[in-house]
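**Student:** Here it is, the structure in full.
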Amino acid sequence: MRIVDIQQRLQALGAKPVHQQRVLRHWVHALPHTQNKRQPEHWLPRAVRDDLPALDADLAALARLHSRHPAGDGSERLLLALADGQTVEAVLLQPGKVAGLCVSSQVGCAVGCQFCMTGVGGLLRQLGSAEIVAQVALARGLRPVHKVVFMGMGEPAHNLDNVMEAITLLGTVGQIGHKNLVFSTVGDPRAFAHLQALGKGDVRPALALSLHTSDAALRERLLPRAPRLSPAALVDQADAYARASGYPVQYQWTLLAGVNDGDDELAGIERLLAGRFGVLNLIPWNTVDGMPFQRPSWERAAAMARHLHRRGILTKLRHSAGQDVEGGCGQLRARAATGVVADGVVVAAPTSLRIKPAAETPAAAG
Ligand code: SF4
């Protein structure tokens, strides 16, 4: 379901734009329709009021809580069941300055990053814009959410229309500051073009770019179906958007021991990022059984961060949220599909939690 479907349903019942906005605001903020002094009978057309219970039920069915997985760092992984029985993950981020939520944009992912569990299964389907916003609505019923990062399952650039619709709603009636909406990508020309074309009145999100290496050949191996743009070309495009939007780029770098944590990469990062408007996030990889990578020591990761800092590259060393619960993106979902979601608080078991065969990867992934 897309947000426009909700708007059209309300419009067909006689709701004016102001009514539509109010109903959407209640949904996105997880508020009851009766929370204002003015009760629905004082402001909503009769036909809309009569439909509200059914509409609320349909919106609640977009994403239901399947299980909760709180971590020691205060973050909490959520496994969410969609109306068709598929599942996606969302993460309530570690409490900090801004209460954040990481959302999924697709069921599965076509990029096929070699270190990512989500990439293993391929792309199953797109999420509709309403399913993306539903993750925020559900999370706001658990905790405040003032920041939304699109770093969960999926490549947002491969579902651009739905992601941008969701970003627009979250940045308006959802009352999330534009710099706190973070569009994450492996680097896709169509996404860069779209972001650059956003006008003054549009909701302009901040940008995160999954870089992972300064070596073009290695990047092709690690991200086999990402667009074939060199790291230098990616940084050029991301930097141009950062300067246009006023928000620094968050360069994401999943650290894999012996793969992209060497001194050659330190020199490559300096070449790429010196003088750029951005921050580098070094994130030691979460170990996944059966994957051919190792997590580097925290000492090595910290030494890399110190080295880069000394050379003027703003660098942060981060834990992947909730790593002590189930590890990285896609693992909860994979375990649910095999009936082995461990250690979590299971809230409700959906009727169908199976992984379909991977769909053919879209051309955009190449
Ligand atoms: S890391 Fe992100 S882009 Fe890569 S396969 Fe996983 S979900 Fe897709």
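**Student:** Could you list all residues from region 225-241 that are over 17 Å from Gln114 (Cα atoms), within 16 Å of the ligand (Cβ to nearest atom) and in a loop (DSSP other than H, G, I, E, B)?
**Tutor:** Leu229
**Student:** I'd like to verify a number: residues in region 159-174 that are buried (at least 24 other Cβ atoms within 10 Å of the Cβ) and charged (D, E, K, R), how many?
**Tutor:** 0
**Student:** Answer with yes or no whether Leu92 is within 13 Å of the ligand (Cβ to nearest atom), hydrophobic (A, V, I, L, M, F, W, C) and buried (at least 23 other Cβ atoms within 10 Å of the Cβ). Write out each step before concluding.
**Tutor:** Working: within 13 Å of the ligand (Cβ to nearest atom): no; hydrophobic (A, V, I, L, M, F, W, C): yes; buried (at least 23 other Cβ atoms within 10 Å of the Cβ): yes.
Judged against the criteria, Leu92 is not a match.
**Student:** Take His33 and decide whether it is within 27 Å of Asn159 (Cβ to Cβ), surrounded by 15 or more Cβ atoms within 10 Å (Cβ to Cβ) and not hydrophobic (A, V, I, L, M, F, W, C).
**Tutor:** no
**Student:** Hey, another quick one. What do you reckon, is Ile313 in a loop (DSSP other than H, G, I, E, B) and at pLDDT 95 or above? Step through it out loud before you land on a result.
**Tutor:** Details: in a loop (DSSP other than H, G, I, E, B): yes; at pLDDT 95 or above: yes.
So Ile313 fits the description; yes.
**Student:** Can you name every residue in region 1-42 that is within 21 Å of Val136 (Cα to Cα) and small (Gly, Ala, Ser)?
**Tutor:** Ala30
**Student:** Please enumerate the residues belonging to region 127-139 that are farther than 20 Å from Leu31 by Cβ and over 13 Å from the mean Cα position of the chain (by Cα).
**Tutor:** Gly128
**Student:** Tally the residues that are closer than 25 Å to Met117 by Cα, charged (D, E, K, R) and surrounded by fewer than 23 Cβ atoms within 10 Å (Cβ to Cβ), restricting the search to region 191-224. Even if it seems obvious, please write down each step before you answer.
**Tutor:** Here is the first cut: in region 191-224, the ones closer than 25 Å to Met117 by Cα are 191, 207-224.
From the residues that got through so far, the ones that are charged (D, E, K, R) too are 215, 219-221.
From what is left, the residues that are surrounded by fewer than 23 Cβ atoms within 10 Å (Cβ to Cβ) are 215, 220-221.
So the count comes out to 3.
**Student:** Taking Thr213, is it closer than 17 Å to Asn281 by Cα, of a type in the set (Val, Ile, Thr) and touching a strand residue (DSSP E or B) at 6+ places or on another chain (Cβ under 7 Å)?
**Tutor:** Values: closer than 17 Å to Asn281 by Cα: yes; of a type in the set (Val, Ile, Thr): yes; touching a strand residue (DSSP E or B) at 6+ places or on another chain (Cβ under 7 Å): no.
No.
**Student:** Sticking with this structure for a sec: His178: touching a helix residue (DSSP H, G or I) at 6+ places or on another chain (Cβ under 9 Å), over 24 Å from Met117 (Cα atoms) and not aliphatic (A, V, I, L, M), yes or no?
**Tutor:** Working: touching a helix residue (DSSP H, G or I) at 6+ places or on another chain (Cβ under 9 Å): yes; over 24 Å from Met117 (Cα atoms): yes; not aliphatic (A, V, I, L, M): yes.
In short, yes.
**Student:** So which residues in region 249-288 are away from the ligand (no atom under 16 Å from the Cβ), in contact with a Leu (Cβ under 8 Å, 6 or more places away or on another chain) and in a loop (DSSP other than H, G, I, E, B), if there are any at all?
**Tutor:** Result: Asp261, single match.
**Student:** Scan region 95-108 for residues that are more than 13 Å from the ligand (Cβ to nearest atom) and either small (Gly, Ala, Ser) or modelled with pLDDT under 90 (or both) and jot them down.
**Tutor:** Hits for region 95-108 are Pro95, Gly96, Lys97, Val98, Ala99, Gly100.
The values are calculated or read from the model by the stated rules, or taken from the named source; none is laboratory data. Nothing here was measured: the structure is a model prediction, and the numbers come from that model. FYI the Cβ positions are ideal-geometry reconstructions off the backbone, even for glycines, and counts take in every protein chain you see.
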